[in-house]
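Visitor: Please find one structure pasted underneath; my questions will follow.
The values are calculated or read from the model by the stated rules, or taken from the named source; none is laboratory data. Given the structure is predicted, the values throughout are model-derived calculations rather than measurements. All Cβ positions, glycine included, derive from the backbone under ideal geometry; neighbour counts span all protein chains shown. Ligands, DNA and RNA are stripped out before the accessible areas are found, and what is left, the full protein with its side chains, is counted by its heavy atoms. Shrake-Rupley method; radii C 1.70, N 1.55, O 1.52, S 1.80 Å.
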Amino acid sequence: MTTPFYSADCTTGSGVQPRTKINGVLAVSGEYTTLTKLIAADVIHMVKVPAGCTVLDVILDIAVMDASAALTLSVGYTGALTAFINASTVGQAGGIARLSVTGGTQKAFTAEDTIQVSVDTGPTDTTLGLMKLTVLYTMDP
């Protein structure tokens, strides 16, 4: 059975207060350091987004976590784990992956939710590392 993991940014309230009439782009970032080897179907709840936001982009910044080239990761939200990034190999050599799923931009949220990194294929070695996620969004006026 898989274990859900939580960044420090998802263990309590969102810290992001819903606001109205804000023009411009807002960002929320979180980071998580793996403490155990990830396995397929693990989900890391990285950041919370407030009700009324519209996600424009997500940026996954990750260290080398599987030099054997098996690890694939996706980024999405509750009920749609591949909504923003689908089966990225970025964790194999480390690097940055951005929103790459057609239709993933301008996703409006009517309720608070978490943006999550899910493990599609687990690593074959036990490299542990740091992952960071930044979500760019606007608030509906």
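Visitor: Can you work out the Karplus-derived ³J(HN,Hα) for every residue in region 80-92? Use 6.51 cos²θ - 1.76 cosθ + 1.60 with θ = phi - 60°, whole Hz, and x for glycine or proline.
Guide: 8, 5, 10, 5, 10, 9, 10, 6, 6, 9, 4, x, 6
Visitor: I'd like the accessible area for Phe109, computed on protein heavy atoms only with a 1.4 Å probe and all protein chains in place. Round to 10 Å², please.
Guide: 10 Å²
Visitor: Still on this structure: List the residues, sorted by chain then number, that are 5 or more residues from Thr78 or on another chain and whose placed amide H is less than 5 Å from its amide H.
Guide: Close amide H contacts, sequence-distant or interchain: Thr114.
Visitor: Quick one: which residues, 5+ away or cross-chain, put their amide H under 5 Å from the amide H of Gly52? H built at 1.01 Å from N.
Guide: Counting only residues 5 or more places away or on other chains, the set is Phe109, Thr110, Ala111.
Visitor: Follow-up. Under the rule of at least 5 residues apart or a separate chain, name every residue whose amide H is placed under 5 Å from the amide H of Gly129.
Guide: Here Thr34 satisfy the definition.
Visitor: Could you put Val101, Val117 in order of accessible surface area, largest first, with the 1.4 Å probe and the full protein assembly present?
Guide: Val101, Val117
Visitor: Further, regarding this structure: Taking the Cα of Ala108, stepping 7 Å toward and past its beta carbon, and measuring to each backbone N in region 38-69: which are under 18 Å?
Guide: 49-57, by backbone N distance to the label point.
Visitor: Using each residue's phi in region 107-124, evaluate 6.51 cos²θ - 1.76 cosθ + 1.60 at θ = phi - 60° and report the 3J(HN,Hα) Karplus result to the nearest Hz, with x for Gly and Pro.
Guide: After applying 6.51 cos²θ - 1.76 cosθ + 1.60, I find 7, 8, 10, 8, 9, 4, 8, 10, 9, 10, 9, 10, 9, 7, 10, x, x, 9 Hz.
Visitor: While we're here: Note down the relative contact order for the chain as a percent, whole number, built from C-alpha pairs under 8 angstrom at least six residues apart.
Guide: 38 percent
Visitor: Here is a follow-up. Which entry is the computed Kirkwood radius over Cα pairs in Å for this structure: [x] 15.0; [y] 20.3; [z] 15.5?
Guide: Computing Kirkwood radius over Cα pairs in Å and matching it to [x] 15.0; [y] 20.3; [z] 15.5 gives [x].
Visitor: Sticking with this one: Do me a favour and compute the ellipsoid semi-axes for region 67-112 from its Cα gyration tensor, root of five times each eigenvalue, largest one first, whole Å.
Guide: Three semi-axes, in Å: 24, 10, 8.
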